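Take a look at the structure below.
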Amino acid sequence: MTGPTRARRAVSLVVLATLVIALCVTTAIGPVAAGDQTAIVWSEPDTVTVAPGETVELEVVLQSAGSHDAGVEAVRLVAQYHPDYLSVVDVEQGPWLAGDGSGNDSGVDVQTAETIADENGTAILEQRRDPDAGGVSGVGTIATVTVEVAEDAPAATTDIAFDATDVSLTSEWPTPVVDEPTTIEIDGGGERVAPDEFDHPDPDEFDLEETADTNSTTGDGADGDDATESAGSGSAETADATESIPGFTIVGTAGVGAVLIVLSGLAVRRNRSQR
């Protein structure tokens, strides 16, 4: 075999190896991107009909699968509404963030802070697990919000939006939040008045007032030491999960395998050409 022919074959094999590796990377990136799960916030009920001056309680629900085995460690719930029609009179912490994802208490404390800026059409409840103990995933109630309709409110249909809510994971992966606004039909409903028709301040501009920590206990009566041991185990598992991201492991393994295959083919071709 002549020198130019061998050179052309070598170049062809290098190009083939590059294409194979690129294909492996493209295939593996999908699972990595899919690992960033979206958190969804809504209320139950999601639509209520009330008269002027009446109040209604809404259970605000959060659903999150976490990301790469890391759970939710903190939630800043932000409810925004039009203050000419609605007022939030109370916000209470729900049990979900203190749980273990299966309806039982995890034994961790939950630090809370809140503010109700009714003149600004904003209510904020911030919750954080301490320790995070690997976080929590699943679906459950994160807050109960009590809403009052203005005495002089005309017949209208308006919403309470939760799209400014922030969800934080133990792995610090970004978590997009999608909200399903609560529809409030006043006096049978009427002209729609969206929350964004009012100019809400940035939620970061509000000062929150810290409230007492919620000290949860496990549902089976386990003592504090057992709860602490469980929390430590959860944190270790989260650390292990964040050290190795499955999608990138696939990329590395597939890329090395492709290179080895191509190099083996090159060696076989050389052996045949030398016979």
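The values are calculated or read from the model by the stated rules, or taken from the named source; none is laboratory data. Fair warning: this is a prediction, and the values are worked out from it, not measured in the lab. Reconstructed Cβ throughout: ideal geometry from the backbone, glycine too, with neighbour counts over all protein chains shown.
Structure summary
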{"quantity": "Any chance Ser43 is surrounded by 22 or more Cβ atoms within 10 Å (Cβ to Cβ) and at pLDDT below 95", "calculated": "no"}
{"quantity": "Some residue of the range 164-186 being part of a loop (DSSP other than H, G, I, E, B), at pLDDT 90 or above and of a type in the set (Phe, Trp, Tyr)", "calculated": "no"}
{"quantity": "Conditions (1) in contact with a helix residue (DSSP H, G or I) (Cβ under 9 Å, 6 or more places away or on another chain); (2) touching a residue at least 60 places away in the same chain (Cβ under 8 Å); (3) not in a loop (DSSP other than H, G, I, E, B); number of the one not met by Val89", "calculated": "(2)"}
{"quantity": "Counted residues, the range 140-153 - those being in contact with a Gly (Cβ under 9 Å, 6 or more places away or on another chain) and either part of a strand (DSSP E or B) or free of Cβ contacts under 8 Å to residues at least 40 places away in the same chain (or both)", "calculated": "7"}
{"quantity": "Evaluation of Val32 against (1) exposed (fewer than 14 other Cβ atoms within 10 Å of the Cβ); (2) at pLDDT below 95 (one fails), failing number", "calculated": "(1)"}
{"quantity": "Members of the range 159-177 found to be among the aliphatic types (A, V, I, L, M) and surrounded by 23 or more Cβ atoms within 10 Å (Cβ to Cβ), listed by number", "calculated": "Ile160, Val167, Leu169"}
{"quantity": "Candidates Gly101, Gly107 - the one that is in a loop (DSSP other than H, G, I, E, B), surrounded by fewer than 21 Cβ atoms within 10 Å (Cβ to Cβ) and at pLDDT 60 or above", "calculated": "Gly101"}
